[in-house]
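Data first, discussion second: the structure below is written as structure tokens.
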Amino acid sequence: MTDAHGAPRDGVQIAATADVDERATIRPGTRVWHLAQVRERASVGRDCIIGRGAYVGPGVRLGDNVKLQNHALVYEPAELADGVFVGPAAVLTNDEYPRAVTPDGRLKSGDDWTAVGVVVGEGAAIGARAVCVAPVSIGRWAMVAAGAVVTRDVPDFALMVGVPARRVGWVGRAGEPLAALGDGRWGCPRTGAEYREDEGRLTELIPA
């Protein structure tokens, strides 16, 4: 948190215009920028960045080193593992069958629907203005391209593009597309890490 002069307290920096509920947990090293909102019971890990105008819903869980860029919207009950990136204006939804009213026309309340969440694995990245339609899981180190709409589970290291999103390749931990090496093996041109593809799944052979 910050003191009356806006200086960091307990290793947490929160902009004066941000709205952080006192029941939220914010761990040391995290910065919450202007006009961001962190709701009750949200849990934010160490060394995270919550960008300007970003939203973290009630009970949402963020791991360490997570970056939510400006105006990213993460609705409950989403869970983001360590090192996840969510680009500007990306949305992680929570209503599988959205309606403002019940079939008889009555305005819905919180008791009239059950929230479903998006789960994002370690190191994965969600591009700018992408939408992840809950319930869906994004695998470790996967890359969802800007503007994509994810409607089904994404495997580890997958490169997803389009509406609806489809896998067009693989990426490594560095985020760059992997190059085919033959015999089901793939390599990262930046780090030299190698991977093996088997029945639509990718596993690491030689870590970077």
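None of the figures in this text is laboratory data; all of them are computed from the coordinates on show. From a predicted model like this one, the values you see are computed outputs, not experimental measurements. Ideal geometry is used to build each Cβ from the backbone, glycine not excepted, and the neighbour counts take in all protein chains shown.
Among the GluC sites (Glu not before Pro) found in region 168-208, those both in a DSSP coil and sparsely packed, with 16 or fewer other Cβ atoms within 10 Å of their Cβ, are E199.
Region 13-171: percent of C-alpha pairs farther apart than 24 Å?
Value for region 13-171: 32 percent of Cα pairs lie more than 24 Å apart.
If you average the sequence gap of Cα pairs under 8 Å that are 6 or more apart and divide by the length of region 13-171, what percent do you get for the contact order?
Numbers: 523 pairs, mean separation 20.6, N = 159.
Averaging sequence separation for qualifying contacts and normalising by length gives 13 percent for region 13-171.
Show me the GluC sites (Glu not before Pro) within region 1-107 that DSSP assigns to loop and that have at most 16 other Cβ atoms within 10 Å of their Cβ.
Working: sites: E22, E40, E79, E96; in loops: E22, E40, E96.
Sparse-neighbourhood loop GluC sites (Glu not before Pro): E22, E40, E96.
How far, in nm, would the chain grow between E96 and T114 when pulled straight, counting 0.36 nm per residue and subtracting the alpha carbon separation?
Details: separation 18, 0.36 × 18 = 6.48 nm, distance 0.86 nm.
Residue separation times 0.36 nm, minus the Cα-Cα distance, leaves 5.6 nm.
Karplus-based coupling profile of region 150-165, in residue order and whole Hz: 8, 10, 9, 4, 10, x, 3, 6, 6, 9, 10, 9, x, 10, x, 5, with θ = phi - 60° in 6.51 cos²θ - 1.76 cosθ + 1.60 and x standing for Gly or Pro.
Does region 90-208 come out rounded, prolate or oblate by the C-alpha gyration tensor, with a ≥ b ≥ c the root eigenvalues, rounded set by a/c under 1.5 and, if not, prolate when a/b is larger than b/c and oblate if not? Let's see the in-between values first.
On the way: a/c = 3.19, a/b = 3.00, b/c = 1.06.
In terms of gyration-tensor shape, prolate.
Net charge around A179, counting only other residues with Cβ within less than 13 Å of its Cβ (Lys, Arg = +1; Asp, Glu = -1)? Walk me through the numbers on the way to the answer.
Details: positive: R185, R190; negative: E176, E194, E197.
Once positives and negatives cancel, what remains is -1.
Exposure proxy shown here: for R99, R61, the number of other Cβ atoms within 10 Å sets the order, fewest to most, as R99, R61. Among the trypsin sites (Lys or Arg not before Pro) found in region 155-208, those both in a DSSP coil and sparsely packed, with 15 or fewer other Cβ atoms within 10 Å of their Cβ, are R190. Counting Lys and Arg as +1 and Asp and Glu as -1 over every other residue whose Cβ lies under 12 Å from the Cβ of G57, the net charge comes to -2. Positive end of the dipole of region 13-171 (Cβ unit charges, origin at the Cα centre): among C48, G169, F85, the Cα lying farthest that way belongs to G169. Globularity index of region 148-194 is 1.22 (Cα radius of gyration / 2.2 N^0.38 Å, N = number of residues). Backbone phi angles across region 121-132, fed through the Karplus curve with coefficients 6.51, -1.76 and 1.60 (θ = phi - 60°), yield HN-Hα couplings of x, 3, x, 5, 10, 10, x, 4, 6, 6, 10, 10 Hz in residue order; Gly and Pro are listed as x.
Computed 3J(HN,Hα) for region 34-51, one whole-Hz value per residue from the Karplus formula 6.51 cos²θ - 1.76 cosθ + 1.60 where θ = phi - 60°, is 4, 6, 6, 10, 10, 7, 4, 6, 5, 10, 10, x, 7, 6, 8, 10, 9, x, glycine and proline marked x.
Modelled this way, with points 7 Å down the Cα-to-C-beta line, the labels at D82 and D10 are 2.2 nm from one another. If I build a Gaussian network model for the chain, linking alpha-carbon pairs within less than 10 angstrom, which residue out of G83, G45, G192 has the largest mean-square fluctuation? Most flexible of the set in this elastic network: G192.
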